[in-house]
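Engineer: I'd like to ask some things about the structure below.
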Amino acid sequence: GSATATVANIDTVTPTASGCVGTSNTIIITVKPTPTVVATPTSESICSGGTTAINLSSSLTGTTFSWTVVQNGVSGAIDGSGATINQTLQTTGSTVGTVVYTIIPTNNGCIGTPINYTVFVVPIPTATLTDGVVCVNSSGNPIQNYTFSTGLSNVTYDFEWYFQGNLIPTASQNSYTASQPGIYGVIIKHTTSGCESNLITANIASSIPGESLSINQSSLFSDNSFVEVIVNGGNGTYLYELDTNPSQTSNTFTNLSPGTHTV
């Protein structure tokens with residue numbers, strides 16, 4: 001069992017019957033050592049998209065290795081053979097996946113006891129930042145900010161926020177309130193595994209609110225009553241609302257009923 005070399009045992013067998021001795025035969029019994037496989041440690045964690053680096057060895061020279069896989073919540077693991085297992089693994093969901101490699105050693109036709117090696121595959125953090133708008137006055141000073149939110153936990157993740165490609169040193173929470181137009185981004189890192197996202201970006205535009213409204217309206221008793229709304233000052237794309245009706249992109253309202261209306 002624990003031998004590291006092949007051993008040959010030679011036995012002589014002599015048949016006898018009723019006092020008669022037959023011809024002796026020589027039997028050679030070859031005892032081959034059972035191969036083993038060593039993989040230290042027996043488990044590891046990698047980030048989704050990472051590659052395993054499992055080195056296999058044996059105390060018995062000439063041992064070869066093959067493996068089968070069982071994967072759960074992971075893609076990329078396949079059966080194979082060799083002295084190393086280098087496979088790129090991806091999670092298929094938002095939770096930690098596993099791959100169990102069952103590794104079998106073989107030497108001189110003898111199959112040793114398999115071992116299991118488990119790889120935990122941690123998903124890369126992900127979030128969506130939505131483009132937004134900050135409102136500024138005619139001098140360019142902010143009068144209404146915009147808040148980005150990752151929707152992730154401050155306990156489970158660490159956050160680095162960027163503005164125009166530069167790290168914002170004071171921003172480390174799961175949300176950030178922007179006051180300037182430009183490109184913002186965040187890198188999210190899992191606090192336990194260290195797996196981190198690529199830079200996730202969004203754009204902030206600026207808008208100057210309109211300062212006042214001018215109204216052009218049809219003459220009294222017109223057959224085609226209308227109101228045209230003109231925004232004075234400001235910039236941007238506007239929506240218009242008459243009374244409690246739904247907003248519309250057109251600045252003209254037609255076929256109005258008699259009476260007072262609110263724009």
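The values are calculated or read from the model by the stated rules, or taken from the named source; none is laboratory data. Note that the coordinates shown come from a computational prediction; the quantities given were computed from them, not determined experimentally. In this analysis, Cβ positions are derived from the backbone assuming ideal geometry, glycine residues included, and neighbour counts consider all displayed protein chains. For the accessible areas, the whole protein counts, side chains as well, though only heavy atoms, and no ligand, DNA or RNA atoms are used. Shrake-Rupley method; radii C 1.70, N 1.55, O 1.52, S 1.80 Å.
Engineer: Can you report the number of residues in segment 15-49 which are in a strand (DSSP E or B) and in contact with a Gly (Cβ under 9 Å, 6 or more places away or on another chain)?
Structural biologist: Result for segment 15-49: 2.
Engineer: Identify all residues within segment 50-84 that are under 24 Å from E196 (Cα atoms) and in a strand (DSSP E or B); write none if there are none.
Structural biologist: T51, I54, Q71, N72, V74, S75, listed by residue number.
Engineer: Limited to segment 51-82, what total is found for residues that are in contact (Cβ under 8 Å) with a residue 12 or more places away in the chain, aliphatic (A, V, I, L, M) and farther than 21 Å from N108 by Cα?
Structural biologist: Here the count works out to 6.
Engineer: What number of residues in segment 221-237 are under 49 Å from the mean Cα position of the chain (by Cα) and of a type in the set (A, V, I, L, M, F, W, C)?
Structural biologist: 3
Engineer: Right, next: Tell me the residue from G182, G236, G165, G210 that is within 30 Å of G50 (Cα to Cα) and of a type outside the set (F, W, Y), please.
Structural biologist: G165
Engineer: A further question on this structure: Residues that are closer than 30 Å to Q90 by Cβ, among the hydroxyl-bearing types (S, T, Y) and in contact with a strand residue (DSSP E or B) (Cβ under 7 Å, 6 or more places away or on another chain), at least 1 per element: which strands (runs of 3 or more DSSP E) completely within segment 171-263 meet that?
Structural biologist: Counting at least 1 such residues, we get 175-178, 182-190, 200-207.
Engineer: Consider T61 carefully, then state whether it is open to solvent by 20 Å² or more (accessible area, probe 1.4 Å) and either among the aliphatic types (A, V, I, L, M) or in contact with a strand residue (DSSP E or B) (Cβ under 8 Å, 6 or more places away or on another chain) (or both).
Structural biologist: no
Engineer: Would you be able to say whether some residue in segment 14-30 is surrounded by 16 or more Cβ atoms within 10 Å (Cβ to Cβ) and either within 16 Å of N116 (Cβ to Cβ) or not hydrophobic (A, V, I, L, M, F, W, C) (or both)?
Structural biologist: Within segment 14-30, not a single residue is surrounded by 16 or more Cβ atoms within 10 Å (Cβ to Cβ) and either within 16 Å of N116 (Cβ to Cβ) or not hydrophobic (A, V, I, L, M, F, W, C) (or both).
Engineer: Could you look through segment 97-148, keep only residues that are open to solvent by 20 Å² or more (accessible area, probe 1.4 Å), in contact (Cβ under 8 Å) with a residue 60 or more places away in the chain and hydroxyl-bearing (S, T, Y), and pick out the one that is farthest from C47 (Cα to Cα)?
Structural biologist: S138
Engineer: In addition: Could you list all residues from segment 165-186 that are open to solvent by less than 30 Å² (accessible area, probe 1.4 Å) and either aromatic (F, W, Y) or at negative phi (or both)?
Structural biologist: I168, A171, A178, Y184, G185, V186
Engineer: Could I ask something else about it? Working only within segment 212-242, note down all residues that are free of Cβ contacts under 8 Å to residues at least 24 places away in the same chain, over 27 Å from V136 (Cβ atoms) and open to solvent by 60 Å² or more (accessible area, probe 1.4 Å).
Structural biologist: Residues satisfying the conditions are N216, Q217, S219, L220, F221, D223.
Engineer: Can you tell me how many residues within segment 83-134 are under 29 Å from the mean Cα position of the chain (by Cα), of a type in the set (S, T, Y) and more than 30 Å from G151 (Cβ to Cβ)?
Structural biologist: Result for segment 83-134: 5.
Engineer: Which ones in segment 149-163 are open to solvent by less than 70 Å² (accessible area, probe 1.4 Å), more than 16 Å from T177 (Cβ to Cβ) and either in contact (Cβ under 8 Å) with a residue 40 or more places away in the chain or outside any loop (DSSP other than H, G, I, E, B) (or both)?
Structural biologist: Y157 - this is the single residue of segment 149-163 that is open to solvent by less than 70 Å² (accessible area, probe 1.4 Å), more than 16 Å from T177 (Cβ to Cβ) and either in contact (Cβ under 8 Å) with a residue 40 or more places away in the chain or outside any loop (DSSP other than H, G, I, E, B) (or both).
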